[in-house]
Amino acid sequence: MNTVAHIINPFKAGKSSDLFIAQPLTFQSILLAKEKANSFINVELLSAQFEEDKDFIPSQFRQTINLNQSVLDKHKFNKHIKFPLLIDILERLYNESKAEYLIYTNVDIGLYPDFYLKVNDFINEGYDAFIINRRRLSSKYKEPSQLNELFKDSGKSHPGFDCFVFHRSLFPKLKLQGICIGVPFIEISFSQNLFALSKKFHLFDKEFITFHIGMEIYKKRAPKEYFNYNKNQFWKLVPQLQSEMELKRFPYSNYLWPARLLKWTLHPCIPIRLVFRVGLFNLKKRIGLK
């Protein structure tokens, strides 16, 4: 039987936050998906949390060692927001579980009941890393009691990345600098690692197994100083991955060139600047230039 460990980063969100509504839906949907999959795949649920959020987390999630630093320990910001570092969360997932496959999802990403069953299928197909795109659902869903109705709603597609599944052997190879969650460039950073380092990657962008409340495609950005911080961290990690980066590993690389370039240009997680950089590096490599 395949084994997976799934970690999230819950926190006490204020009533003005979208997460005040989203997190209870996320918790309950994860528990229902685990219950449905129990006979087919071994699922372990974990949380990575700060000390002040411990009593907010449902008992069915095993709490890992408390997070002991945030992005505020890495850089000076005018506005103080305690965003966790992605590598700290993944480190707890790796160190405190022996599962063969590891899953990270944003805490506002809920699961349809077949989620872990489908993950099990994808693992059995031989993928060592994959990303599953979410469905966008109406904001009319506000309570866990509405989940039965919600599960019948297929919503609309979304291009962004927020559900990452990977074989545990990939964790020691990840290059994530000081990337923090809750801010753009987490998706780009994580996905580019998986594109570069996995042996068999796949993007599942037409599945109906994860959801997000809200129909927007682009959320309001985090404060600019945090956006710029994560952006700088991403471009610092690119040279560390560059020797493993190949355009043929990017999603949509099987499209004809004009369609491929258009898809990459429009995609929020594939910077066109990176496409040209990797393309140039690949060309130099093929013709023997360093």
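The values are calculated or read from the model by the stated rules, or taken from the named source; none is laboratory data. This structure is a prediction, so every number in the text was calculated from the model and none was measured. Counting neighbours? That spans all protein chains shown, and the Cβs are built from the backbone with ideal geometry, glycine included.
Figure legend. Inter-residue proximity from region 188-206: first residues over 27 Å from Asn228 (Cβ atoms), second residues among the hydroxyl-bearing types (Ser, Thr, Tyr) and outside any strand (DSSP E or B), beta-carbon distance below 7 Å, spacing 6+ or different chains. Indicated pairs: Lys200/Tyr127; Phe201/Tyr127; His202/Tyr127.
For region 239-260, the criterion of being under 27 Å from Phe20 (Cβ atoms) and surrounded by 12 or more Cβ atoms within 10 Å (Cβ to Cβ) is satisfied by no residue at all.
Residues of region 1-35 that are within 23 Å of Glu149 (Cα to Cα), touching a helix residue (DSSP H, G or I) at 6+ places or on another chain (Cβ under 7 Å) and charged (D, E, K, R): Lys34 alone. Checked against (1) surrounded by fewer than 16 Cβ atoms within 10 Å (Cβ to Cβ); (2) without any contact (Cβ under 8 Å) to a residue 60 or more places away in the chain, Phe40 passes all but a single condition, namely (2).
Quick grid of which residues meet (1) assigned to a loop (DSSP other than H, G, I, E, B); (2) closer than 18 Å to Lys36 by Cβ; (3) touching a residue at least 60 places away in the same chain (Cβ under 8 Å); (4) not assigned by TED's automatic domain parsing to the domain that holds Leu25:
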{"site": "Asn78", "(1), (2), (3), (4)": "yes, no, yes, no"}
{"site": "Ile89", "(1), (2), (3), (4)": "no, no, yes, no"}
{"site": "Lys98", "(1), (2), (3), (4)": "yes, no, yes, no"}
{"site": "Lys142", "(1), (2), (3), (4)": "yes, no, yes, no"}
{"site": "Ser145", "(1), (2), (3), (4)": "no, no, no, no"}
{"site": "Gly160", "(1), (2), (3), (4)": "yes, no, yes, no"}
{"site": "Phe171", "(1), (2), (3), (4)": "no, no, yes, no"}
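No other residue among Phe164, Phe151 is aromatic (Phe, Trp, Tyr) and free of Cβ contacts under 8 Å to residues at least 60 places away in the same chain apart from Phe151. Just checking, does region 215-234 include any residue being touching a helix residue (DSSP H, G or I) at 6+ places or on another chain (Cβ under 6 Å), assigned to a helix (DSSP H, G or I) and either among the β-branched types (Val, Ile, Thr) or within 30 Å of Asp153 (Cα to Cα) (or both)? There is no residue in region 215-234 that is touching a helix residue (DSSP H, G or I) at 6+ places or on another chain (Cβ under 6 Å), assigned to a helix (DSSP H, G or I) and either among the β-branched types (Val, Ile, Thr) or within 30 Å of Asp153 (Cα to Cα) (or both). Among the residues here, Lys224 qualifies as free of Cβ contacts under 8 Å to residues at least 40 places away in the same chain, assigned by TED's automatic domain parsing to the domain that holds Lys152 and surrounded by fewer than 19 Cβ atoms within 10 Å (Cβ to Cβ). Could you tell me which residue of region 1-37 is surrounded by the most Cβ atoms within 10 Å (Cβ to Cβ), considering only residues that are of a type in the set (Ser, Thr, Tyr) and farther than 15 Å from Ser59 by Cα? The selected residue is Thr3.
Note on region 271-290: residues that are free of Cβ contacts under 8 Å to residues at least 12 places away in the same chain, under 26 Å from Asn230 (Cβ atoms) and surrounded by 12 or more Cβ atoms within 10 Å (Cβ to Cβ) amount to 2.
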